[in-house]
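Participant: Okay, here's the structure, questions in a sec.
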Amino acid sequence: MSTQVEEIVLDKLSLFTQEINELRKEIKSSIGIKDYKHLLKIEWWGRICAILGYATAWIIPNPISAFFISTGNFARWTMITHHISHRAYDTIEGVPNRYKSKFYASGFRRYFDWLDWMHPKAWDYEHNFLHHYHTGEIKDPDLVEYNLEFLRKSRLPLFIKYIIILFFVLTWKYTYYTPNTLMELQRKRLKEEHRKNPDFPYESEMGKVAHIWNLFFPVHKYAVEVWIKCVLPYIILRFGFIPLLFLPLGESAYFAVLINSLIAECMANVHSFIIIASNHAGEDLYRFDEKFKNKQEFYLRQVITSCNYKTGNDVLNFMQGYLNFQIEHHLFPDVPMLKYKEYQPRVKAICEKYNIPYKQESFSKRLRKMLDIAVGKSSMKRVKTMEWV
């Protein structure tokens, strides 16, 4: 157990929780039209990137067009969808329904708001519930150290491990998020069915809810659902319909857009991976064997299992998906992203006041630490029971 964390005694943790609660009330009361306008600005930045990308993608396969397409894709997921799904803009008066969690990407609106590999409802359950309320636990579906245990323990040469990691980096929205998010939603449905009907063949059905294999062997209804709800809609739109729009300009334009779309997909995977996967992995961050016991421990865990990147102006924050405020996001997931920028210094000061480890480094350093975890060169800090709470 870390000496620094051991020094967080009960009375200090109570005061820390009290200050965080007070800050939360202050943040919530300050949410207003300025936050909505900031959302629209970020949304337009993402749209402009996509427009620039496709406006030039038909000329010739090139990394610049692919980069802009990729950035538009990245922005739509990490900043627009992410924060709307957390209900960050639900309470702002005058905000159109399409920016509220109940309506955004729901039903047919998915094709207008956010058509990605992941199904919106599956993403909402996997990320907003399982990840945020089980951060650093085995139940956390995004716990890198646990998910890559097979690779960490493998006797493969280190360079082979890195090649395997590279494959997942280039494809992770497809090979990880697509099956994993829907798998968690399918498991939730089966548990609910089992509670209603004890005779339901729970174990055998659970066994069919596989992970990555559903992408390659759609031989039962759970795997077919992955293809119908996730794989096919995205492939048809991104690599079918959009390139076909450029066919009137000639076959070379069609193939240029198709190739640029494929390059952009790899870029979007790399961009999102180095930003997202590195937020909760490193030998200086914690993981846990037990669920948090109370709100005090919950708040503490959100800080010591997360790491911020360097923060700055909107351009820097945009390119990091506003995930450079990961600690603030985990403490206050249902507030607009602009609030993280405004209140990050306050959160950091409160943590330092109570001697709570507040990690903030460049994403390149965090990426290295995450990769060390992934291949087994280092391990995360472990706390079996938080006896000081």
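The values are calculated or read from the model by the stated rules, or taken from the named source; none is laboratory data. All values reported here derive from a predicted model rather than from experimental measurement. What goes into the accessible areas is simple: the full protein's heavy atoms, side chains included, and nothing from ligands, DNA or RNA. Shrake-Rupley method; radii C 1.70, N 1.55, O 1.52, S 1.80 Å.
Participant: If you count only protein heavy atoms and use a 1.4 Å probe, how large is the accessible surface of ILE236, to the nearest 10 Å²?
Facilitator: The value for ILE236 is about 110 Å².
Participant: Going by amide H atoms built from the backbone, whose H comes under 5 Å of the H on LEU245, apart from near neighbours?
Facilitator: none
Participant: At 1.4 Å probe size, with every protein chain present, just tell me what the per residue accessible area of the chain comes to in Å².
Facilitator: 45 Å²
Participant: Please list the non-local residues whose amide H lies under 5 Å from the amide H of LYS359, H modeled 1.01 Å from N, same-chain partners needing a gap of 5 or more.
Facilitator: ASN308
Participant: Starting at the first residue of region 306-314, write each ³J(HN,Hα) from the Karplus equation 6.51 cos²θ - 1.76 cosθ + 1.60 with θ = phi - 60°, in whole Hz, x for Gly and Pro.
Facilitator: Result, rounded to whole Hz: 10, 9, 8, 9, 5, 10, x, 7, 5.
Participant: Any idea of PHE68's accessible area? Nearest 10 Å², probe 1.4 Å.
Facilitator: Here the residue's solvent-accessible area equals roughly 60 Å².
Participant: Could you sort TYR104, TYR146 by their accessible area in this structure, using a 1.4 Å probe and putting the largest first?
Facilitator: Result of the area sort, largest leading: TYR146, TYR104.
Participant: When we measure straight from the Cα of LYS229, which lysines land under 16 angstrom away, once same-chain ones fewer than 8 places off are left out?
Facilitator: Qualifying lysines at Cα under 16 Å: LYS121, LYS173, LYS221.
Participant: What number in nm² do you get for region 261-371 if you take the convex hull of its Cα atoms and divide its surface by four?
Facilitator: 8.2 nm²
Participant: Springs between alpha-carbon pairs under 10 angstrom, Gaussian network model over the chain: which of LYS28, LYS293, LYS359 fluctuates most?
Facilitator: Maximum among the listed residues: LYS293.
Participant: Return the lysines within reach of LYS41: Cα separation strictly under 17 angstrom, same-chain partners fewer than 8 residues apart disregarded; answer none if there are no such residues.
Facilitator: Partners found: LYS100, LYS339, LYS341.
Participant: What fraction of the Cα pairs in region 145-228, stated in percent, has a spacing above 17 angstrom?
Facilitator: Tail fraction, whole percent: 57.
Participant: Among the aspartates and glutamates, select those whose C-alpha is under 15 Å from the C-alpha of LYS359, and discard any that sit fewer than 8 residues away in the same chain.
Facilitator: Those aspartates and glutamates meeting the cut-off are GLU283, ASP284, GLU328.
Participant: Where the accessible area of the chain is counted over protein heavy atoms with a 1.4 Å probe, how much of it, in %, is carbon and sulfur?
Facilitator: Within the chain, the accessible surface is 63 percent carbon and sulfur.
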